[in-house]
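Asker: The structure that follows is given in the form of structure tokens.
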Amino acid sequence: MDALDVLVVGAGPTGLTLGIDLARRGVGALVVEAGERLFPGSRGKGIQPRTQEVFDDLGVREAIRAAGGPYPPRLVWKDGEPQKAGPMFDAVAADEGAPYTEPLMVAQWRTQEVLYARLRELGGRVAFGRAVVDLEQDAEGVTVRFADGTTARARYVVAADGGRSAVRRAVGVGMTGESVDPSPYLVADLRVRGLDRDHWHVFMGGDGYGVALCPLAGTEDFQLAAKLPEGTDADLSLAGVRRLVSAYAPLAASDVTELRWASDFRPRAALADRFRAGRVLLAGDAAHVHSPAGGQGLNTSVQDAYNLGWKLGAVLGGRAPEGLLDTYEEERRANAAAMLDLSTGVHRGEVRRGEATVQLGLGYRESSLTEETRRDPGPVRAGDRAPDGRNAAGVRMFDAFRGPHWTLLTPAPVDGVPGLPAPESYGPGLFLVRPDGYVGWAGDTAEGLRAYAARTGALDAG
């Protein structure tokens, strides 16, 4: 059988993002999904500013914005009466370098619809009803077996199949973690009457437990999130959800008019021991499981895919050595560990939502893929996220970066390779910006640039 370049297992936000990035690079990839359709619930609903930048590059930000909206203020109720409302997030000031600073609320099922449409537009596809049961690796690729008896062959496989990843288990990669909260939680999408849609309503009982009802932007639904007493079994039926809501909120059971989706979980933080096992790479929840507090899980997962896509493209295209893929684990596992700590801190009330959670300050300064050669670096250093801004000619950086290419910021061509002058806000020097929007190399002169480009697949930089 003919081998695919990449088989992506899982059609959630991680797998679909990776599918889009591979499709725009001309990589022969297939996304497979165990379910018969896309995930129907709203489990992850926060799109952080850094992820909005990623979606801008992938050509879906406007569609994502249209599918959702801003977060409403949080309104706490006490004894059946509304108290003072307040913002969910500390404000983060926008500037030329960071034009997006407010999280967007988009139901996960709507995010997936947008990503799926973009994947199809680029010629990519998803095969549904393909549950992985086993796989075997050899020196040339991976053979994957599905529950329906069929197989597929690929040079690389990416596990994007969630926290209970069948692929991760098949390659024997363990996960180390801890419980974040001993209480069980329930999350559901439902229709409710008798509540305004201008607030995220929080109803706490005297027992320390309660429910929150958040109007899901871009839909007619509310998302229910409930913290239950230890030892409680969550009842995911309509009757059970009605009893739960009416027990804490000043609503009748019949005010819950429809239950569209429900799930239960126990918050935990867990990190895969490795993100790579030969020709199999782990991404998203298959590699790290977060508490939903702070909206870090989906966003960290999308950025896994964004980091991995260009590296797979460079290796498969023969522009970079196979060892480039090792930097995926190096960069993303450290990043995921930091985001797990952050999510846990938000869940426990130790970290505020705001500047810490927008993910604009994340970078790779310590990565082996980062080279800072200037004697006196300015405000933007190798390993940093490359900010937006306009250069002296009025060219906007995010416009220049958009696409699957590297971008050379230089006042004059280097060995015949054209570039763009950097904005003054970057400081002095030359900058080579990676396809995922981070500065890979920076120097006072072009010395060393060619060698860096050769080992990273950036020979087509410009």
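Asker: Taking only Cα atoms, what is the 0 to 90° angle, nearest 10, from helix 108-121's long axis to the longest principal axis of the chain?
Answerer: 40 degrees
Asker: What aspartates and glutamates could a cross-link reach from residue 78, if we take a straight Cα to Cα line under 17 Å and drop same-chain neighbours fewer than 8 places away?
Answerer: 196, 207
Asker: Hey, another quick one. Towards the positive end of the charge dipole of the chain, with charges on Cβ (+1 Lys, Arg; -1 Asp, Glu), say which of 239, 452, 321 has the farthest Cα.
Answerer: Checking the options against the dipole of the chain, the answer is 239.
Asker: Test of understanding: what is the full-extension gain from residue 83 to residue 243, defined as 0.36 nm times their sequence separation minus their Cα-Cα distance?
Answerer: Details: separation 160, 0.36 × 160 = 57.60 nm, distance 2.35 nm.
Gain in length upon complete extension: 55.3 nm.
Asker: 222 nm [θ] for the chain, helices only, -39500 (n - 2.57) per DSSP H run of 4+, per residue, to 500? List each step's numbers first, then the result.
Answerer: On the way: 10 runs with 114 residues, N = 462.
Theoretical 222 nm ellipticity from helices: -7500 deg cm²/dmol.
Asker: How about segment 84-131: which GluC sites (Glu not before Pro) there are in a DSSP loop, with at most 14 other Cβ atoms within 10 Å of their Cβ?
Answerer: Passing both the DSSP loop test and the Cβ count: 96.
Asker: Would you mind computing, in nm to one decimal, how far apart the modelled labels at residue 412 and residue 153 are, each placed 7 Å from Cα along Cα→Cβ?
Answerer: 5.3 nm
Asker: On full extension of the chain, what length is gained from residue 260 through residue 181, given 0.36 nm per residue of separation minus the C-alpha to C-alpha distance?
Answerer: Length gained between residue 260 and residue 181: 25.8 nm.
Asker: Hey, another quick one. For segment 1-89, how big is the tail of P(r) above 15 Å, as a whole percent of Cα pairs? Before the final figure, lay out the partial values.
Answerer: Numbers: 2814 of 3916 pairs.
Across segment 1-89, Cα pairs with separations above 15 Å total 72 percent.
Asker: For the chain, with the dipole built from +1 on Lys and Arg beta-carbon atoms and -1 on Asp and Glu ones, taken about the Cα centre, which of 10, 338, 182 lies farthest toward the positive end?
Answerer: The listed residue farthest towards the positive side: 10.
Asker: Let me ask something additional. Please turn the phi angles of segment 57-72 into ³J(HN,Hα) values with the Karplus equation 6.51 cos²θ - 1.76 cosθ + 1.60 (θ = phi - 60°), one per residue in order, whole Hz, x for glycine and proline.
Answerer: 5, 7, x, 10, 4, 5, 5, 5, 4, 5, 7, x, x, x, 6, x
Asker: Determine the sum of side-chain charges near residue 184: Lys and Arg each +1, Asp and Glu each -1, restricted to other residues whose C-beta is under 13 angstrom from that of residue 184.
Answerer: Values: positive: 227, 266, 268; negative: 181, 230, 233, 235, 264.
It works out to a net charge of -2.
Asker: Calculate, for residue 207 and residue 451, the FRET efficiency according to 1/(1 + (r/R0)^6) with r their C-beta to C-beta distance and R0 45 Å; round to the nearest 0.05.
Answerer: Details: r = 64 Å, r/R0 = 1.42.
E between residue 207 and residue 451, to the nearest 0.05, is 0.10.
Asker: Using Cα pairs under 8 angstrom and six or more residues apart, how large is the relative contact order of the chain, in percent? Before the final figure, lay out the partial values.
Answerer: On the way: 1033 pairs, mean separation 77.4, N = 462.
The normalised contact order for the chain reaches 17 percent.
Asker: Cβ neighbours within 10 Å, averaged per peptide: list 312-320, 169-177 in order, most packed at the top.
Answerer: On the way: 312-320: 19.0, 169-177: 15.4.
Top of the packing list down: 312-320, 169-177.
Asker: Dipole of segment 113-164, Cα-centred, from +1 at each Lys and Arg C-beta and -1 at each Asp and Glu C-beta, to the nearest 20 debye?
Answerer: Numbers: 8 positive and 8 negative charges, 38 e Å.
That gives segment 113-164 a dipole magnitude of about 180 debye.
Asker: Can you give me the convex hull volume of the Cα atoms of the chain, divided per residue and expressed in Å³?
Answerer: It comes to 145 Å³ per residue, whole-number rounded.
Asker: About its Cα centre, what dipole magnitude does the chain give when the only charges are +1 on Lys and Arg Cβ and -1 on Asp and Glu Cβ, stated in debye to the nearest 20?
Answerer: On the way: 52 positive and 61 negative charges, 98 e Å.
Using only the charged Cβ atoms, the result is roughly 480 debye.
FYI, it's all coordinate maths here, none of it is from the lab. None of these values were measured; they are calculated from a predicted model. Backbone-built Cβ (ideal geometry, glycine too); neighbour counts: all protein chains shown.
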